[in-house]
Structures are given as structure tokens and as C-alpha cells.
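Let me begin by presenting the structure, written as C-alpha cells, before commenting on it.
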Amino acid sequence: MRETWKVSVRKACSALRIDRSLYTYKGKRGEQAPLKNRIREICETRVRYGYRRVHVLLQREGWPINMKRTRRLYNELGLQLRNKTPKRRVKAKVREERTDVTHSNQVWAMDFVHDQLATGRKLRILTIIDTHSRFAPATDPRFSYRGEDVVHTLERVCRQVGYPKVIRVDNGSEFISRDLDLWAYQKDVVLDFSRPGKPTDNAYIESFNGKFRAECLNQHWFLTLDDARQKMEDWRRDYNEVRPHSAIGNKPPISLMNGSGASGPP
């Protein structure tokens, strides 16, 4: 306003009906980055601590902070605890920021796709993708899936391509099962759960499932379960070894799994 109308501070404040002290006020709040980092560090090591316990630890360390400020920063960092957490989801990732993926088998994504045979019998297909290379280790159809079936499929593909560090999943009953949690604990794999109603938390697998449906499921009739497995496996191999992927420079995903531009089995 002062630049546009070329008026003094006094006239500008008078026109806007604000006190000149408000215009000249300088905030006294110091830099909060170190404090935020310390709150995040506490929450990463003590994953079931709420802001009250975090505040107590901060005071013990000598931080000059009151409870309201602790709670505000705690909420700004998105560290709020869920009220109901499954007792035995031991390998679930809790309150940890997602970092950029830099190599294969660092982060996988996993989900289910639904389809049916020509007879009308329902199919559930477990789809898995490596978020770095876009390589799909499995598209495994069954009539029904339980937690132990997911573990069986994961163990089969991991013996072929290696174990991931993290697997991103939703909150489906198969993924929150004791069997999958125990397997993840034994193999030192972290289960990174999406927030309920937030499919964008697992966008890579959602994108893959869209391609899978458009290019495979919608293009075939599946006469039997074995027929479905064969056709899905043929598509998966073509996707991994031939189909160019724009996100990785129009190379086939297997080229990143091999660490080169050459096609071939990993």
C-alpha cells in the first residue's frame, strides 16, 4: 500500500485502522529447527510417546519450552498417535518420514486387484512392484487370500530377487495379519502402512494396477485359474523385460534391476 500510494507509515496505518506498533512488531520466536529435530528424534526411538512424555524429556534436557509449544510443534510434525493400534503389528513403520528411493529392493509396494474367471468365479491377484526400478516381482492370482498365502508368495519371489527393506501396504486384513508381521520381523522387513482412505500413500502400486487392468485383465478371458496365471505371467514378463517405462527413461524395468541398460533376467 505504501509503495502504491506513496504514503507514510502513519497515514497507511491510519487508513487501515491498525496501530503503528503492530506494523513495526518483530517476532521474538527463535529458530525452532533444532527443537523440531529433537522432538522427531525422540518420537522415532520412543514410538508410543505422546506429546506430554516428549515434553517431560525435553525439560529434562534443559529445553526452555512450555507444554503448549511442545504440543503445537508435535502436531505440526504430524507425530500424533493413533488411538487404536494393533497390539502385534511389530514391524509397522510408525511416524517416520519417507525418503527418496535410490536403489532396487529398497522399497516395494503391494496391493490386491480383483477380477473373475469366465465362469464368474472371483479372483484376487496380489501385485507387487519395486518403486525404484518399477520391476514387478509377482502378479499372483488365487481364489482367496489369507495372510499365510501372502507370506508364501513373498517368500517365493524374495528367493528369486532378494528381500526388500520396506514394503508399502494398505490396511487390508491380509496385510495386518499376524503371519505377515511375523515374517517381516524374521526377515527384518518394515511394513509401511498407508493412512486409511489415502490411496495416494501407495501411488506406485495404484499406477501399476491401472496398467495391469488396462493391458492384461481387460484384454483376456480367463478360463481357469491356471489359464489366468499363465496369461498374467506372460504379461508380467513383457512388462518387466520389453515394455518401455517413461519414468525410467523409456527403459524396461529389468534394466534397473540389472544395473545396466541390457535386458535379461536379474
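The values are calculated or read from the model by the stated rules, or taken from the named source; none is laboratory data. Everything quoted here is computed from the prediction, not taken from an experiment. Heads up, the Cβs are rebuilt from the backbone with ideal geometry, glycines too, and the neighbour counts pull from every protein chain shown. For the accessible areas, the whole protein counts, side chains as well, though only heavy atoms, and no ligand, DNA or RNA atoms are used. Shrake-Rupley method; radii C 1.70, N 1.55, O 1.52, S 1.80 Å.
Here is how the numbers come out for the structure above:
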read-out: Accessible solvent surface per residue of the stretch 138-239, calculated while the other protein chains remain in place, 1.4 angstrom probe, Å²; value: 52 Å²
read-out: Kirkwood Rh, Cα atoms: Rg over Rh of the stretch 137-184; value: 0.93
read-out: Relative packing of 141-147, 106-112, which averages over residues the other C-beta atoms within 10 Å, highest first; value: 106-112, 141-147
read-out: Degrees between helix 203-215 axis and first principal axis of the chain (Cα, 0 to 90, nearest 10); value: 40 degrees
read-out: FRET efficiency, residue 203 to residue 233 (Cβ-Cβ, R0 22 Å, nearest 0.05); value: 0.30
read-out: Simple label model, 7 Å out from Cα along Cβ direction - residue 171 to residue 106, nm; value: 2.8 nm
read-out: Size of the chain as Cα extents on the principal axes (Å, biggest first); value: 81, 50, 41
read-out: Per residue, the convex hull volume that the Cα atoms of the stretch 95-192 enclose (Å³); value: 102 Å³
read-out: Surface share of carbon and sulfur [accessible, 1.4 angstrom probe, percent] for the chain; value: 48 percent
read-out: At R0 = 45 Å, FRET efficiency that the Cβ-Cβ distance of residue 16 and residue 66 yields, to 0.05; value: 0.85
read-out: Selection of GluC sites (Glu not before Pro), the stretch 18-77, meeting DSSP coil and at most 16 other Cβ within 10 Å; value: 31, 61
read-out: Sequence-distant aspartates and glutamates (8 or more away, or on other chains) whose Cα lies within less than 13 Å of residue 165; value: 130, 188, 192
read-out: Reference-scaled alpha-carbon Rg (2.2 N^0.38 Å with N residues) for the stretch 151-266; value: 1.19
read-out: Cα pair count fraction exceeding 18 Å, expressed as % - the stretch 198-260; value: 45 percent
